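Report on the structure given below.
The values are calculated or read from the model by the stated rules, or taken from the named source; none is laboratory data. These numbers were taken from a predicted model, which means no experiment stands behind them. Cβ: placed from backbone, ideal geometry, glycine included. Neighbour counts: every protein chain shown. The accessibility values were calculated without ligands, DNA or RNA, using every heavy atom of the protein model including side chains. Shrake-Rupley method; radii C 1.70, N 1.55, O 1.52, S 1.80 Å.
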Amino acid sequence: QVQLVESGGGLVQAGGSLTLSCTASGIIFSAYVLGWFRQAPGKQRELVAAIRPGGSTNYADSVKGRFTISRDNAKATVFLRMNSLKPEDTAAYYCAATIWTPDIATKQDYWGQGTQVTVSS
(Lines give C-alpha, C1' and ligand atoms only; values in the text may rest on other atoms or scores of the structure.)
Protein backbone atom coordinates (compact mmCIF):
# COMPACT_ATOMS: atom_id res chain seq x y z
CA GLN A 1 0.00 0.00 0.00
CA VAL A 2 1.40 3.34 -1.07
CA GLN A 3 1.22 6.26 1.32
CA LEU A 4 2.42 9.83 1.12
CA VAL A 5 2.17 11.68 4.42
CA GLU A 6 2.72 15.44 4.60
CA SER A 7 3.58 17.45 7.67
CA GLY A 8 4.86 20.89 8.60
CA GLY A 9 1.99 23.15 7.66
CA GLY A 10 0.66 25.83 9.94
CA LEU A 11 0.03 29.51 10.50
CA VAL A 12 2.86 31.96 9.87
CA GLN A 13 3.17 35.70 9.46
CA ALA A 14 4.06 37.23 6.14
CA GLY A 15 7.80 37.15 5.63
CA GLY A 16 8.17 34.03 7.70
CA SER A 17 9.29 30.54 6.78
CA LEU A 18 8.00 26.99 6.91
CA THR A 19 9.34 23.63 5.83
CA LEU A 20 6.94 20.98 4.60
CA SER A 21 7.86 17.30 4.62
CA CYS A 22 6.34 14.38 2.78
CA THR A 23 7.36 10.85 3.68
CA ALA A 24 6.54 8.00 1.34
CA SER A 25 6.09 4.30 1.87
CA GLY A 26 5.30 1.46 -0.49
CA ILE A 27 7.25 2.81 -3.46
CA ILE A 28 10.84 2.75 -4.68
CA PHE A 29 11.19 6.38 -3.66
CA SER A 30 14.45 7.11 -5.48
CA ALA A 31 12.88 6.25 -8.84
CA TYR A 32 10.02 8.70 -8.58
CA VAL A 33 9.49 12.27 -9.68
CA LEU A 34 8.11 14.19 -6.73
CA GLY A 35 6.13 17.36 -6.66
CA TRP A 36 4.48 19.83 -4.35
CA PHE A 37 1.15 21.21 -5.47
CA ARG A 38 -1.12 23.73 -3.80
CA GLN A 39 -4.76 24.64 -4.00
CA ALA A 40 -6.27 27.81 -2.62
CA PRO A 41 -10.04 28.15 -2.11
CA GLY A 42 -11.77 28.77 -5.41
CA LYS A 43 -8.64 28.16 -7.43
CA GLN A 44 -7.26 25.26 -9.42
CA ARG A 45 -4.55 23.06 -8.02
CA GLU A 46 -1.15 24.20 -9.29
CA LEU A 47 2.32 22.72 -9.34
CA VAL A 48 4.63 24.64 -7.04
CA ALA A 49 7.87 22.67 -7.37
CA ALA A 50 9.13 19.36 -8.69
CA ILE A 51 12.27 17.29 -8.31
CA ARG A 52 13.36 14.40 -10.47
CA PRO A 53 15.37 11.31 -9.50
CA GLY A 54 18.59 12.92 -10.75
CA GLY A 55 17.96 15.99 -8.65
CA SER A 56 16.89 18.48 -11.31
CA THR A 57 14.16 20.84 -10.19
CA ASN A 58 11.63 23.28 -11.53
CA TYR A 59 9.47 25.89 -9.84
CA ALA A 60 6.41 27.95 -10.50
CA ASP A 61 7.34 31.53 -11.35
CA SER A 62 5.45 32.77 -8.31
CA VAL A 63 7.78 30.94 -5.89
CA LYS A 64 11.15 31.09 -7.66
CA GLY A 65 13.84 32.38 -5.34
CA ARG A 66 11.66 31.83 -2.26
CA PHE A 67 10.90 28.09 -2.20
CA THR A 68 13.35 25.19 -2.39
CA ILE A 69 12.45 21.57 -3.04
CA SER A 70 14.81 18.80 -1.96
CA ARG A 71 14.73 15.07 -1.38
CA ASP A 72 16.35 12.56 0.95
CA ASN A 73 16.10 9.18 -0.73
CA ALA A 74 17.45 7.35 2.31
CA LYS A 75 14.53 8.68 4.34
CA ALA A 76 12.02 8.51 1.48
CA THR A 77 11.17 12.14 2.18
CA VAL A 78 10.72 15.22 0.01
CA PHE A 79 10.90 18.70 1.52
CA LEU A 80 9.64 22.11 0.55
CA ARG A 81 11.42 24.97 2.26
CA MET A 82 9.32 28.12 1.97
CA ASN A 83 10.88 31.48 2.75
CA SER A 84 9.55 35.03 2.50
CA LEU A 85 6.00 33.73 2.66
CA LYS A 86 3.20 35.93 1.35
CA PRO A 87 -0.53 35.88 2.08
CA GLU A 88 -1.07 34.65 -1.48
CA ASP A 89 0.87 31.49 -0.59
CA THR A 90 -2.03 30.48 1.65
CA ALA A 91 -3.33 27.13 0.39
CA ALA A 92 -3.55 23.43 1.05
CA TYR A 93 -0.25 21.91 -0.03
CA TYR A 94 -0.07 18.38 -1.41
CA CYS A 95 2.82 16.17 -2.35
CA ALA A 96 2.57 13.83 -5.30
CA ALA A 97 4.67 11.18 -6.99
CA THR A 98 4.92 9.69 -10.45
CA ILE A 99 7.26 7.27 -12.15
CA TRP A 100 5.84 7.62 -15.66
CA THR A 101 6.98 11.06 -16.76
CA PRO A 102 9.57 13.70 -15.85
CA ASP A 103 6.74 16.25 -15.95
CA ILE A 104 4.67 15.65 -12.86
CA ALA A 105 2.35 18.48 -13.85
CA THR A 106 0.89 16.16 -16.48
CA LYS A 107 0.57 12.95 -14.49
CA GLN A 108 0.51 12.00 -10.83
CA ASP A 109 0.28 8.43 -9.57
CA TYR A 110 -0.01 9.05 -5.85
CA TRP A 111 -1.11 11.92 -3.62
CA GLY A 112 -0.75 12.83 -0.01
CA GLN A 113 -3.65 14.04 2.08
CA GLY A 114 -2.49 17.64 2.17
CA THR A 115 -1.33 20.09 4.80
CA GLN A 116 -2.67 23.61 5.29
CA VAL A 117 -0.42 26.65 5.09
CA THR A 118 -1.89 29.97 6.18
CA VAL A 119 0.08 33.19 5.86
CA SER A 120 -1.26 36.17 7.73
CA SER A 121 -0.60 39.74 6.65
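Quick check, is ARG38 open to solvent by 30 Å² or more (accessible area, probe 1.4 Å) and part of a strand (DSSP E or B)? Against the criterion (open to solvent by 30 Å² or more (accessible area, probe 1.4 Å) and part of a strand (DSSP E or B)), ARG38 does not qualify.
Summed over the stretch 41-59, the residues that are open to solvent by less than 20 Å² (accessible area, probe 1.4 Å) and out of contact with any Ser or Thr (no Cβ under 7 Å at 6 or more places or on another chain) give a count of 1.
For the stretch 63-92, the set of residues classified as surrounded by fewer than 13 Cβ atoms within 10 Å (Cβ to Cβ), farther than 26 Å from GLY26 by Cβ and over 14 Å from the mean Cα position of the chain (by Cα) consists of GLY65, PRO87, GLU88, listed by residue number.
The C-beta contact set for the stretch 67-86 (first residue part of a helix (DSSP H, G or I), second residue open to solvent by less than 50 Å² (accessible area, probe 1.4 Å) and not hydroxyl-bearing (Ser, Thr, Tyr), distance under 7 angstrom, 6+ apart or interchain) comprises ASN73/PHE29. As a summary of the residue check, ILE27 satisfies the conditions (1) farther than 13 Å from TRP111 by Cα; (2) assigned to a loop (DSSP other than H, G, I, E, B); (3) open to solvent by less than 50 Å² (accessible area, probe 1.4 Å) except for the one numbered (1).
For the stretch 104-114, the criterion of being open to solvent by less than 50 Å² (accessible area, probe 1.4 Å) and within 27 Å of LEU11 (Cβ to Cβ) is satisfied by at least one residue.
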